[in-house]
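Report on the structure given below.
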Amino acid sequence: MMTDPIADLLTRIRNASRVGKTEIELPASRLKFEIAKILEKEGYLSGVDLAAPGRVLRLALRYEGRRPAIRDLRRLSKPGRRLYVGWQEIPRVMSGLGVTIVSTSQGLMTGGEARARKLGGELVCEIY
């Protein structure tokens, strides 16, 4: 049994980008799909697809030349230690070059969106 599916998603993306894979498949969930859609919108993934609806999530990794668009991903809030912040305390990743994903009462969104809407929540991860 997997205790942290989000950490698994981030690790699979990190490992695949480091070895130069163009596409990965993993078990699907709504939360993983929402995180992947945010990564696609922010330009870190080139495609997100639900293959075999509700079963398999297929992600197409994006590269800039030979370098992966994602340099690093970090899980911030963990099952053993949840990390909640108000909208003023949402961190800026690498002075705005990266993205924080926040789980708010209005769904998952980037840290910038949450700050603009004045919503706090659980810090899920940061990507740069």
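The values are calculated or read from the model by the stated rules, or taken from the named source; none is laboratory data. Predicted, not measured: the structure shown is a model, and the values here were computed from it. All Cβ positions, even for glycine, are placed from backbone atoms using ideal geometry, and neighbour counts span all protein chains on display.
Among residues that are modelled with pLDDT of 95 or more, among the basic types (K, R), assigned to a helix (DSSP H, G or I) and surrounded by 14 or more Cβ atoms within 10 Å (Cβ to Cβ), R14 is included.
Would it be correct to say that E42 is in contact (Cβ under 8 Å) with a residue 40 or more places away in the chain and of a type outside the set (A, V, I, L, M, F, W, C)?
On the way: in contact (Cβ under 8 Å) with a residue 40 or more places away in the chain: yes; of a type outside the set (A, V, I, L, M, F, W, C): yes.
For E42, the condition - in contact (Cβ under 8 Å) with a residue 40 or more places away in the chain and of a type outside the set (A, V, I, L, M, F, W, C) - is met.
Inside segment 62-105, residues that are in a loop (DSSP other than H, G, I, E, B) and closer than 22 Å to E23 by Cβ make up a count of 7. When every residue of segment 17-36 is checked against the conditions, none turns out to be without any contact (Cβ under 8 Å) to a residue 24 or more places away in the chain, closer than 27 Å to E113 by Cα and surrounded by 13 or more Cβ atoms within 10 Å (Cβ to Cβ). Count of segment 58-67 residues, restricted to those that are within 15 Å of the chain's Cα centre (by Cα) and either surrounded by fewer than 16 Cβ atoms within 10 Å (Cβ to Cβ) or touching a residue at least 40 places away in the same chain (Cβ under 8 Å) (or both), is 3. Apart from one condition, G54 fits all of (1) among the small types (G, A, S); (2) in a helix (DSSP H, G or I); (3) at pLDDT 95 or above; (4) more than 24 Å from R117 (Cβ to Cβ); the exception is (3). Kindly check whether there is at least one residue in segment 73-83 that is surrounded by 12 or more Cβ atoms within 10 Å (Cβ to Cβ) and among the small types (G, A, S). Yes, segment 73-83 has at least one match. Only one of the numbered conditions (1) farther than 18 Å from L9 by Cβ; (2) buried (at least 18 other Cβ atoms within 10 Å of the Cβ) is violated by W87, and that is (2).
Just to be sure I understand, how many residues within segment 21-51 are of a type in the set (D, E, K, R) and either assigned to a helix (DSSP H, G or I) or assigned by TED's automatic domain parsing to the domain that holds G96 (or both)? Selection size over segment 21-51: 6.
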